[in-house]
Amino acid sequence: MKASRVPSLVSVLFDDFRQHLMLVLLFLAVIATALSVIYVSHGHRLLTSERDELLSARDDLDIEWRHLQIEQNTLTEHSRVARIAEERLNMVRAEAEQEVLVPWQ
């Protein structure tokens, strides 16, 4: 009987790799594009999260600015009343010796 030679596993794999080189390259290209999609999606999620945080901070600053405007208007209104009282009505702030305390009971 004649002994048949069995090729080694490494040589079979190398021959298959050489015969199907285009399929292997296509598989590597698919894996590379899949990983790049994952990377870009992750970056997009991070940027969206940062944008939402910045919009929230902008809204908080806008609310604070409105409150400061209201406070400024309130303070301006008081000084306007005091100025009109002094100019038109000739009112002045009472001095300590001019004040009279009325006793209670």
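Of the residues E71, E64, only one is surrounded by 10 or more Cβ atoms within 10 Å (Cβ to Cβ), under 23 Å from the mean Cα position of the chain (by Cα) and without any contact (Cβ under 8 Å) to a residue 60 or more places away in the chain; which? Spell out how you get there, then give the answer.
Values: E71 fails: under 23 Å from the mean Cα position of the chain (by Cα).
Matching residue, one of E71, E64: E64.
List, please: which pairs have Cβ atoms under 9 Å, are six or more places apart or on different chains, and start with a residue in the range 5-18 that is part of a helix (DSSP H, G or I) and end with one that is modelled with pLDDT under 90 and surrounded by fewer than 11 Cβ atoms within 10 Å (Cβ to Cβ)?
So the pair list comes out as D15/P7.
Among the residues that make up the range 30-45, is at least one of them at pLDDT 90 or above and not in a helix (DSSP H, G or I)?
Of the residues in the range 30-45, the ones at pLDDT 90 or above are 30-45.
Among the residues that remain, those that are also not in a helix (DSSP H, G or I) are: none.
No, the conditions are met nowhere in the range 30-45.
Rundown of residues vs (1) exposed (fewer than 10 other Cβ atoms within 10 Å of the Cβ); (2) over 47 Å from the mean Cα position of the chain (by Cα); (3) free of Cβ contacts under 8 Å to residues at least 60 places away in the same chain, yes/no style:
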{"residue": "V24", "(1), (2), (3)": "no, no, yes"}
{"residue": "H44", "(1), (2), (3)": "no, no, yes"}
{"residue": "I84", "(1), (2), (3)": "no, yes, yes"}
{"residue": "A96", "(1), (2), (3)": "yes, yes, yes"}
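The values are calculated or read from the model by the stated rules, or taken from the named source; none is laboratory data. Owing to the predicted nature of the structure, the values given are computational and were not obtained by experimental measurement. FYI the Cβ positions are ideal-geometry reconstructions off the backbone, even for glycines, and counts take in every protein chain you see.
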